[in-house]
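Okay, so here's the structure we're looking at.
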Amino acid sequence: MQEFSQLAAQYGLALVFLNVLVEQVGLPVPAVPILVVAGALAADGQLSAPAVLGVAFIACALGDGAWYVAGRLYGTRVMKLLCRISLSPDSCVRQAETQFELAKEKDPKDPTPYYYDAIRRQAENKPVEAIQDLYKSIELNDNRAVYRSKYLLDQDRAARETTAARTYETLGLEGLARDLASRSLALDPSNASAHRFLSDALGRLGRQEVGQTSELLQAQLLQPPSAVPPSPQLAFSDLRSLDALTGNVTAPSDLGQLFEQNGTRLRLSGLLGERNTGGGELSVSWLSDKVALGFGRFFYKTDGYRENSDIEHRIYNIFGQFAVSPSLSIQAEYRKRDTSQGDISLQFDPAAFSTSMPGSRSWCSTSTRALPKGWRSGSANSRAFLSDLPEKTIA
């Protein structure tokens, strides 16, 4: 303590200023000890009390001012950074919960706090409470008709019902989830999240390849720039790969623009199994406001359950999107697939397969270049797309 007092006496006001400024910026360096010592030195006449108070005040103002400027320039990205580096990240969640409850109390007819509180509850793995808040927000949705058109109100309701559908899916109520997603598309046919949800749901049902591919294409064309790039394998419905690889694909959310921040992201998944079975997906994406770029690679290989039933897939895609305006978006994609497989047909007789006949093995190489462009105006039925989809296949 004596050495600390000597240090404070030697450097005095500069040390007080630096310590208080560092604490105000957010570093875990407490300023109370140095302020106590500086007060004792001021009482002994070694430091000026007004000078200590003035220096501490200036340091506080500079630290708080720096955070204000950062929030003014970068908005929610600063809040995300603070919650990420906070020593108590739960405090951010508690503050959000307090603000939502306050908003519900001050304006009980506003659906907005119920909707965002439902998203918070869903992130905390509280699906039942999330469903309750979602239905409350749907019930109050038309209260904003004073300043929102019927078309925009339908869009709001569609977004709420799609979020409810994903929550029902986590509870295992997939039939009800599909019904809600279909109903949201009846309200807003341009809801990309609902199209993507139906595509994933149809893929899990099986034997729904046409509907799955159609919904996926519509979702991709309608989605805003997102940090989640299109997965390479989803464009193909005949891969015969494991559900663990094709069923766990992250889907962009219609709320992605609220929670996604600019930057680069890397996603890697994979599996290994018996009979030389293995596969994985690698995706790298970059998001900068109106521009999104992505690269993906999918690989799957297995020797199969019998002779000449092996399968090997290699799929690559490069995707780019530029939002010219809220109603005009330009996308470009290049996709390549190489497949080699044996006689994988299932006959009534398990022994009815060939290893030597012509056609007992097949190879396929497909390259697709797509340049779709679409725009929407202020009504649900005014959507148009221009698309160039040249495809080259070598079998």
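The values are calculated or read from the model by the stated rules, or taken from the named source; none is laboratory data. Because the structure is predicted, anything quoted here is derived from the model rather than measured. All Cβ positions, glycine included, derive from the backbone under ideal geometry; neighbour counts span all protein chains shown.
Within region 263-314, being in contact with a Gly (Cβ under 8 Å, 6 or more places away or on another chain), farther than 30 Å from Y74 by Cβ and among the β-branched types (V, I, T) holds for T302, I311. Restricting attention to region 269-300 and to residues that are surrounded by fewer than 13 Cβ atoms within 10 Å (Cβ to Cβ) and acidic (D, E), the residue that is modelled with the highest pLDDT turns out to be E274.
Is it true that S199 is surrounded by 19 or more Cβ atoms within 10 Å (Cβ to Cβ) and within 25 Å of T264 (Cα to Cα)? No. Counting only residues that are assigned to a loop (DSSP other than H, G, I, E, B) and under 20 Å from P189 (Cβ atoms), region 137-161 holds 2 of them. Considering each residue of region 372-393 in turn, none proves to be closer than 30 Å to F295 by Cα, charged (D, E, K, R), at pLDDT 75 or above and not in a strand (DSSP E or B). Selection of region 178-215 for residues being touching a Gly at 6+ places or on another chain (Cβ under 7 Å) and without any contact (Cβ under 8 Å) to a residue 24 or more places away in the chain yields only L202.
To keep it simple, each residue is scored yes or no on (1) over 24 Å from N191 (Cβ atoms); (2) at pLDDT below 90; (3) part of a helix (DSSP H, G or I).
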{"position": "I119", "(1), (2), (3)": "no, yes, yes"}
{"position": "N125", "(1), (2), (3)": "yes, yes, no"}
{"position": "A165", "(1), (2), (3)": "no, no, yes"}
{"position": "Y168", "(1), (2), (3)": "no, no, yes"}
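Scan region 340-349 and give yes if some residue there is in the same structural domain as A235 (by TED's automatic domain parsing), touching a His at 6+ places or on another chain (Cβ under 9 Å) and modelled with pLDDT of 70 or more, otherwise no. Within region 340-349, one or more residues are in the same structural domain as A235 (by TED's automatic domain parsing), touching a His at 6+ places or on another chain (Cβ under 9 Å) and modelled with pLDDT of 70 or more. Taking the stated definitions as given, is L187 hydrophobic (A, V, I, L, M, F, W, C) and either within 26 Å of S327 (Cβ to Cβ) or touching a helix residue (DSSP H, G or I) at 6+ places or on another chain (Cβ under 6 Å) (or both)? Yes, satisfied.
Looking at the structure I just gave you, is Y114 among the aromatic types (F, W, Y), within 30 Å of T163 (Cβ to Cβ) and at pLDDT 80 or above? Criteria met by Y114.
Here A186 meets the list (1) crowded, with 21+ Cβ neighbours inside 10 Å; (2) at pLDDT 85 or above; (3) in a helix (DSSP H, G or I) almost entirely, failing just condition (1).
Condition first: loosely packed, with under 15 Cβ neighbours inside 10 Å and either charged (D, E, K, R) or in contact with a Gly (Cβ under 7 Å, 6 or more places away or on another chain) (or both). Now tell me which residues in region 91-128 satisfy that. Matches in region 91-128: R94, E97, E101, E105, K106, D107, K109, E124.
Count of region 59-81 residues, restricted to those that are part of a helix (DSSP H, G or I) and either out of contact with any helix residue (DSSP H, G or I) (no Cβ under 7 Å at 6 or more places or on another chain) or modelled with pLDDT under 80 (or both), is 15. Filtered by the rule that a residue be aliphatic (A, V, I, L, M) and touching a Pro at 6+ places or on another chain (Cβ under 9 Å), region 99-151 gives L102, A103, I138, L140.
Answer with yes or no whether L234 is touching a residue at least 24 places away in the same chain (Cβ under 8 Å), closer than 27 Å to Y300 by Cβ, in contact with a Gly (Cβ under 6 Å, 6 or more places away or on another chain) and not small (G, A, S). Considered against the rule, which asks whether it is touching a residue at least 24 places away in the same chain (Cβ under 8 Å), closer than 27 Å to Y300 by Cβ, in contact with a Gly (Cβ under 6 Å, 6 or more places away or on another chain) and not small (G, A, S), L234 comes out as no.
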